[in-house]
Amino acid sequence: MPLSFSCRGPTPVAPLPLFLLLAATTAVAAPFPTRDQNPLLAGFGLPRPMPSRSDGWQWSADFNWANSAIVQNTPREQLIVDAETREVRVTLNGKVSDSWLVSASIPWRSTSAGSLDEFIDSWHDFFSLPEGDRTQLSTDTLRVTYRDGGGRRIDRRNSMSGIGDADVALGRQLIATTQSSLTAWADVKLPTGRFADLTGSGAVDLSLIVAGEHRFAERWSVFGQAGVTHLGDGDLLPTLQREWAGSAMAGVTRRFWRSLDLTIEVDAHSAAFDSNLDYLGEAVILNLGGAWHFDNGFELSLGISEDIAVEASPDIVFIVGVRKTL
């Protein structure tokens, strides 16, 4: 499970993956266990990365720490997202027969003023990087507001936290060889969170997903995932919400040394809202990072990500994860 960053413009930690890539058994491809951390999309059932193979049971715990400083306007819409979110997600994956896999996941989320603004501002000042919308916003404050031609639609200025929307999935393994794997998943997201706290959408969402992997040339693996999600009638901006959303992810992993894998991945999804604002539209995110495999079955991963579609996802996201094969 990786540590991931998403940053508008030059990312403050960009030298890390460059250093790792210059540093140089079969690579084990593992998608970054993270989704778009946009606080207005947190409750929607856009799929998390799903495994394409399983040799037994595995649990994982991931921590996502995201910071957004967004000001966007059109003639009819105004949006401000000045917020810091933290998500802890616990996942259990398992194999119940030769062909059938199961997966269950539940997050805890908080949205608050946070503490990263000064660090990000100092980094930008030191390297003379552009501040973007941060110059228009106060330091370490919480404000999530949206207005359209009909008046105010969202206004959150106090910290919020709670259990998020859980999901359960059933997978059918279509290909399972040493080199290749392909699994089709049906994933149901349940309304265990609260839309008022930005921890849920208030609706049941259903996703159909295909996840695959291929290992080649001893040290290399490629992986990918594609999905379509039917969004139930949610409570957050219901008149703007779309009924369907698509998502896709693809990446490559390279084994360095005995226990270190480095991964590069592109993750994307379509818009969940009918809006002309970038932050409510489609997103494309580049993920970079690595994973260290321990002999006792534990795996520790970290990485960074940058939003290729500028201002369509949080400015910066830190993700730390631990995985254990049982």
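The values are calculated or read from the model by the stated rules, or taken from the named source; none is laboratory data. Just so you know, these numbers come straight off a predicted model, no measurement behind them. A quick note on method: Cβ atoms are made from the backbone with ideal geometry, for glycine too, and the neighbour counts reach across all protein chains shown.
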Failed item in (1) part of a strand (DSSP E or B); (2) of a type in the set (A, V, I, L, M, F, W, C); (3) crowded, with 18+ Cβ neighbours inside 10 Å, with VAL284 passing the rest:
(3)
Is it the case that ASN276 is assigned to a loop (DSSP other than H, G, I, E, B) and among the polar types (S, T, N, Q)?
yes
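Being more than 15 Å from the chain's Cα centre (by Cα), over 28 Å from LEU182 (Cβ atoms) and crowded, with 16+ Cβ neighbours inside 10 Å is the requirement here; does ASP261 meet it?
On the way: more than 15 Å from the chain's Cα centre (by Cα): yes; over 28 Å from LEU182 (Cβ atoms): no; crowded, with 16+ Cβ neighbours inside 10 Å: yes.
Considered against the rule, which asks whether it is more than 15 Å from the chain's Cα centre (by Cα), over 28 Å from LEU182 (Cβ atoms) and crowded, with 16+ Cβ neighbours inside 10 Å, ASP261 comes out as no.
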From the set of residues in region 290-313 that are under 14 Å from the mean Cα position of the chain (by Cα) and not in a loop (DSSP other than H, G, I, E, B), which is surrounded by the most Cβ atoms within 10 Å (Cβ to Cβ)?
SER305
Among the residues of region 123-157, how many are closer than 14 Å to ASN67 by Cα and modelled with pLDDT of 70 or more?
10
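Can you tell me which residue among ALA61, ALA42 is modelled with pLDDT of 85 or more and not in a loop (DSSP other than H, G, I, E, B)? Step through it out loud before you land on a result.
On the way: ALA42 fails: not in a loop (DSSP other than H, G, I, E, B).
Selected residue: ALA61, the only one of ALA61, ALA42 that is modelled with pLDDT of 85 or more and not in a loop (DSSP other than H, G, I, E, B).
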Residue that is modelled with the lowest pLDDT [pool: residues in region 79-122 that are among the hydroxyl-bearing types (Ser, Thr, Tyr) and in a loop (DSSP other than H, G, I, E, B)]
SER115
The correct count of residues that are in contact with a Phe, Trp or Tyr (Cβ under 9 Å, 6 or more places away or on another chain) and either surrounded by fewer than 20 Cβ atoms within 10 Å (Cβ to Cβ) or of a type in the set (Ser, Thr, Tyr) (or both) in region 193-229 is 11
